[in-house]
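Chemist: Structure incoming, see below.
What follows is calculated from the coordinates using simple rules that are stated; it is not laboratory data. Predicted model, so just to flag it, every value in this text is computed and none were measured. Virtual Cβ from ideal backbone geometry, glycine too; neighbours counted across all protein chains shown.
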Amino acid sequence: MAPILEFDALRLAYRARGTVAYAMNDVSLVVGEGEAVGLVGESGSGKSTLARATLGLTPRRIATIESGRILIGGTDVTRFSEDQWQAMRGNPVAMVFQDPLSYLNPVMRVGKQIAESVRAHAPGLAVATRVVELLSLVKLPAAAADAYPHELSGGMRQRALLAVALGCEPKLLVADEPTTALDVTTQAEILALIRELRERLGMALLLISHDLGIVASACDRIYVMYAGHTVEWGATADVFQRPAHPYTVGLLKAAQAARNSEGRFATISGDPPNLSELSPGCPFTPRCPQARAECRESMPAPSPARNAGAQTLRCWAHR
Amino acid sequence: MAEPILRLENISKSFRRPGHAPVQAVDNVSLEVGRGETVALVGESGSGKSTLGRIALGLLAPDSGRVVLEGKVLRELSASELRQARIAMQPIFQDASSSLNPRRSARELMAQALPEAKGSVDEQAARLLDRVGLSPGRDYLARFPHEISGGQRQRLAIARALAMNPKLIIADEPLSGADVSIRGQVLNLLLDIKEERGVAYLMITHDISIARHFADRVAVMQRGVIVETGPAAQVLTSPSHPYTRELVAAVPVLAAPEAASIYR
């Protein structure tokens, strides 16, 4: 069976005011049917561009796919028109975002918004019954149907947005930082809900986050992005327990927020690169403790990790 | 015992909105920060931690209670005395891009903060920029906040706070905007500054793991009240209050990676 989502060596550039920024550089990523895949990266890594590209939402005026392909359920959608994309949104691919308030209609009651998505994707159903079902699925009280988005708490809004997304009966849910704006206790509830929904509905998940702990707790497989490249990917246990790429190693150490024997916090020196000034080599080179001459020349092809787990990475130190 | 640098005594603050019941943001809270001590104030949004921070900084007047800075009750000071006293206490905010005037260069931003008549402003400014890792500092003087990265902006904000030679830095979520890979750079800088200058910190944060490893002492706030306080490592490793337990349990655990020895 074809995977629900596939990025094949995708290269996407933003062009504005004479500058070019490669937000995605030779990115390959696969999400199988019913699979939970995590995508981690820091700001500017290209992870949100990838999320938007799964729904054809990168701004056409400035974003160009220069090479590579995007496939959804085996269909090549790379050159889809806006109308063709419109038919893909919601079903088979739906998305939830960090700030539900800006994606919910502020002047429409929540129940009506859920009903709209049900009507658009399953016109035969008894809409009112389905809305009640969806509300209980995301564990919102039935009374939430009559509320406006601003009357709900942050966690309830995210549940409402989930209900709108689920109304489309998606095969893949793309969640871009779905809990970043929430408190930790609410975050734990939303993550538990997403896990439960995935199991009940057999839906695939692409979870995008800068928070490694969240992704580790929710995903079977992980991709790590840095400066528009996927640099390491594999089973969560392999990538997070026995990371191989120097960036992943440094990121995981820094995420512990623990201090070493000298009382120092782990960190990676330097700053993330400017995406409009990328060299042909590996973008992590200036910050990498294992950098060597060939790192400046080119980005190596993917290869299995040495002395680590069964993951794949792009790093000269592992060739 | 020596007078603590900051004493918050029985602080209460409520907010009123027409048509709504008043919200008791801070309810009779007392907290001390000793000289050279690092205290973390943790809690979720709406716990009142930022309100308490703003009251400590004198940006917000409490309904009742006293803010005592180096033994002086802030409310009892004249305007000029207050200005003088507040130099000892400098804020660092989450979002350096909104706390730094975008139309001023690093040189101008630093000059505003540096005491007058103490040698060349450029020289002092460059030295402080060097100190926070914007080196060579001289090269950053002409830069504007939007011309440097987010992490560098936060370091510029720290350099600016240091120019006042504060005894207490009140930092409200100073790392929420920073990427994981550079968070350690900022934390290590704050540790170094503490060592060199004996600065005390009141760090307001929702991040349990940072509070656990950065602070000497922690106070956990929930709905306007401090529910638990004590040594950070102890409170946030084996909490005794049910709310702290819930908070600590909700943080997704990430096991330490193996073979991480390529980094020091």
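Chemist: Arrange the following residues from fewest to most other Cβ atoms within 10 Å of their Cβ: A:TYR14, B:TYR201, A:TYR148.
Modeler: On the way: A:TYR14 19, B:TYR201 23, A:TYR148 14.
Going from sparsest to densest Cβ surroundings: A:TYR148, A:TYR14, B:TYR201.
Chemist: Additional query: Which of rounded, prolate, oblate describes segment B:99-165, given a ≥ b ≥ c as roots of the alpha-carbon gyration tensor eigenvalues and a/c under 1.5 marking rounded, otherwise prolate only if a/b is larger than b/c?
Modeler: Working: a/c = 1.55, a/b = 1.39, b/c = 1.12.
It is prolate, given that a/c is not under 1.5 and a/b is the larger ratio.
Chemist: Among A:ARG157, A:ARG119, A:ARG61, determine the one that fluctuates most according to a GNM of chain A built with springs between C-alpha atoms less than 10 Å apart.
Modeler: A:ARG61
Chemist: Let me ask something additional. Quick one: which residues, 5+ away or cross-chain, put their amide H under 5 Å from the amide H of B:LEU6? H built at 1.01 Å from N.
Modeler: Amide H neighbours of B:LEU6: B:VAL33, B:GLU70.
Chemist: Same structure, new question: What is the set of long-range amide H partners of B:ILE87 at a cut-off below 5 Å, with H atoms built 1.01 Å from backbone N?
Modeler: none
Chemist: How high is the relative contact order of segment B:188-260, in percent, counting Cα pairs under 8 Å that sit 6 or more residues apart? Write out the running numbers ahead of the final one.
Modeler: Working: 57 pairs, mean separation 13.7, N = 73.
In percent, rounded to a whole number, it is 19.
Chemist: Another question about this same structure. What is the sum of charges, Lys and Arg at +1 and Asp and Glu at -1, for the other residues whose Cβ falls under 12 Å from the Cβ of A:GLU151? Before the final figure, lay out the partial values.
Modeler: Values: positive: A:ARG109, A:ARG157; negative: A:ASP146.
Summing Lys/Arg as +1 and Asp/Glu as -1 gives +1.
Chemist: A further question follows. Ignore the peptide's own chain and count Cβ atoms of other chains within 10 Å of each Cβ in B:172-181; give me the average, rounded. Please report the intermediate quantities before stating the final value.
Modeler: Details: counts 0, 0, 0, 1, 1, 1, 2, 11, 17, 16.
Per-residue shielding by partner chains comes out at 5.
Chemist: Check which residues have an amide H placed less than 5 Å from A:LEU205's amide H, if you skip close sequence neighbours.
Modeler: Amide H neighbours of A:LEU205, under 5 Å, 5+ apart: A:GLU35, A:ALA36, A:VAL37, A:LEU173.
Chemist: Report the trypsin sites (Lys or Arg not before Pro) located in segment B:1-92 that are in a DSSP loop and have at most 11 other Cβ atoms inside 10 Å of their Cβ, or state none.
Modeler: Details: sites: B:ARG7, B:LYS13, B:ARG16, B:ARG35, B:LYS49, B:ARG54, B:ARG66, B:LYS72, B:ARG75, B:ARG83, B:ARG86; in loops: B:ARG16, B:ARG35.
Filter output for segment B:1-92: B:ARG16.
Chemist: To the nearest 0.05, what FRET efficiency results for B:ARG75 and A:THR180 with a Förster distance of 41 Å applied to their C-beta separation? Walk me through the intermediate numbers first.
Modeler: On the way: r = 38 Å, r/R0 = 0.94.
E between B:ARG75 and A:THR180, to the nearest 0.05, is 0.60.
Chemist: Please state the shape class of chain A: rounded when a/c is under 1.5, otherwise prolate if a/b exceeds b/c and oblate if not, all from the C-alpha gyration tensor. Kindly include the intermediate steps, with their values, before the conclusion.
Modeler: Working: a/c = 2.01, a/b = 1.58, b/c = 1.28.
Prolate shape, in that a/c is at least 1.5 and a/b is the bigger ratio.
Chemist: In segment A:229-318, with Lys and Arg counted as +1 and Asp and Glu as -1 at Cβ, which of these residues, A:PRO283, A:SER261, A:ALA305, has the Cα nearest the positive end of the dipole, that is, farthest along it?
Modeler: Among A:PRO283, A:SER261, A:ALA305, the one farthest towards the positive end of the dipole of segment A:229-318 is A:SER261.
Chemist: Choose one answer from B:GLU246, B:GLU108, B:GLU173: the residue with the largest mean-square fluctuation in a GNM of chain B with alpha-carbon springs under 10 Å.
Modeler: Checking each option, the largest mean-square fluctuation is seen for B:GLU246.
Chemist: Taking the Cα centre as origin and putting +1 on Lys and Arg beta-carbons and -1 on Asp and Glu beta-carbons, what dipole magnitude results for segment B:123-264, to the nearest 20 debye?
Modeler: Roughly 260 debye, rounded to the nearest 20.
Chemist: Most fluctuating residue of B:ALA79, B:ALA219, B:ALA25 in a GNM of chain B with Cα springs under 10 Å: which is it?
Modeler: Comparing B:ALA79, B:ALA219, B:ALA25 in a Gaussian network model of chain B, the most mobile one is B:ALA79.
Chemist: Angle between the Cα long axis of helix A:184-201 and the longest principal axis of chain A, 0 to 90 degrees, nearest 10?
Modeler: Its long axis makes an angle of about 70 degrees.
Chemist: What list of ³J(HN,Hα) couplings, whole Hz, do you get for segment A:206-213 from phi and the Karplus terms 6.51, -1.76, 1.60, once you set θ to phi - 60° and write x for glycine and proline?
Modeler: 10, 9, 10, 7, 8, 8, 5, x
Chemist: Give me P(r) over the protein assembly as shown, computed from all C-alpha to C-alpha distances, binned every 10 Å, as integer percentages.
Modeler: Over the protein assembly as shown, the share of Cα pairs per 10 Å bin runs 3, 15, 24, 25, 20, 10, 2, 0 percent.
Chemist: Still on this structure, I have one more. Arrange A:TRP233, A:TRP85, A:TRP316 by Cβ neighbour counts within 10 Å, fewest through most, would you?
Modeler: Values: A:TRP233 25, A:TRP85 15, A:TRP316 21.
Sorted ascending by nearby Cβ count, the order is A:TRP85, A:TRP316, A:TRP233.
Chemist: Another question about this same structure. Looking at the square roots a ≥ b ≥ c of the eigenvalues of the Cα gyration tensor of segment A:229-318, which shape do they give, rounded for a/c under 1.5, prolate if a/b is larger than b/c, or oblate? Please report the intermediate quantities before stating the final value.
Modeler: On the way: a/c = 1.97, a/b = 1.16, b/c = 1.70.
Here segment A:229-318 falls in the oblate category.
Chemist: I'd like the FRET efficiency for A:ARG17 and A:ALA237, computed as 1/(1 + (r/R0)^6) with the beta carbon distance as r and R0 of 51 Å, rounded to 0.05.
Modeler: Values: r = 45 Å, r/R0 = 0.87.
My answer for the efficiency is 0.70.
Chemist: Shifting gears a bit: Sorted by mean Cβ packing within 10 Å, highest first, what order do the peptides B:158-164, A:65-71, A:102-108 take? Walk me through the numbers before you get to the answer.
Modeler: Values: B:158-164: 22.1, A:65-71: 15.9, A:102-108: 12.4.
Order by mean packing, descending: B:158-164, A:65-71, A:102-108.
Chemist: What FRET efficiency, computed as 1/(1 + (r/R0)^6) with R0 = 35 Å and r the Cβ-Cβ distance, is obtained for A:ALA2 and B:SER97, rounded to the nearest 0.05?
Modeler: My answer for the efficiency is 0.20.
Chemist: Would you work out the relative contact order for segment B:4-156, in percent, from Cα pairs under 8 angstrom that are 6 or more residues apart?
Modeler: Details: 195 pairs, mean separation 28.6, N = 153.
Relative contact order comes out at 19 percent.
Chemist: Enumerate the calculated ³J(HN,Hα) couplings along segment A:19-25 in order (Karplus 6.51 cos²θ - 1.76 cosθ + 1.60, θ = phi - 60°), each rounded to whole Hz, writing x wherever the residue is Gly or Pro.
Modeler: 10, 10, 10, 8, 6, 10, 10
Chemist: May I ask you to evaluate 6.51 cos²θ - 1.76 cosθ + 1.60, the Karplus curve with θ = phi - 60°, for each residue of segment A:79-95 and list the ³J(HN,Hα) values in order in whole Hz, giving x for glycine and proline?
Modeler: The phi angles translate into 9, 4, 7, 4, 5, 5, 4, 3, 6, 8, 6, x, 9, x, 10, 10, 9 Hz.
Chemist: Next question. Across peptide A:247-256, how many C-beta atoms of other chains are within 10 Å of each residue C-beta, on average?
Modeler: Working: counts 1, 2, 7, 7, 4, 7, 9, 9, 8, 9.
Taking the mean over all residues of the peptide, I get 6.
Chemist: Determine the relative contact order of chain A: mean sequence separation of Cα pairs under 8 Å and six or more apart, normalised by residue count, in whole percent.
Modeler: After rounding, I find 20 percent.
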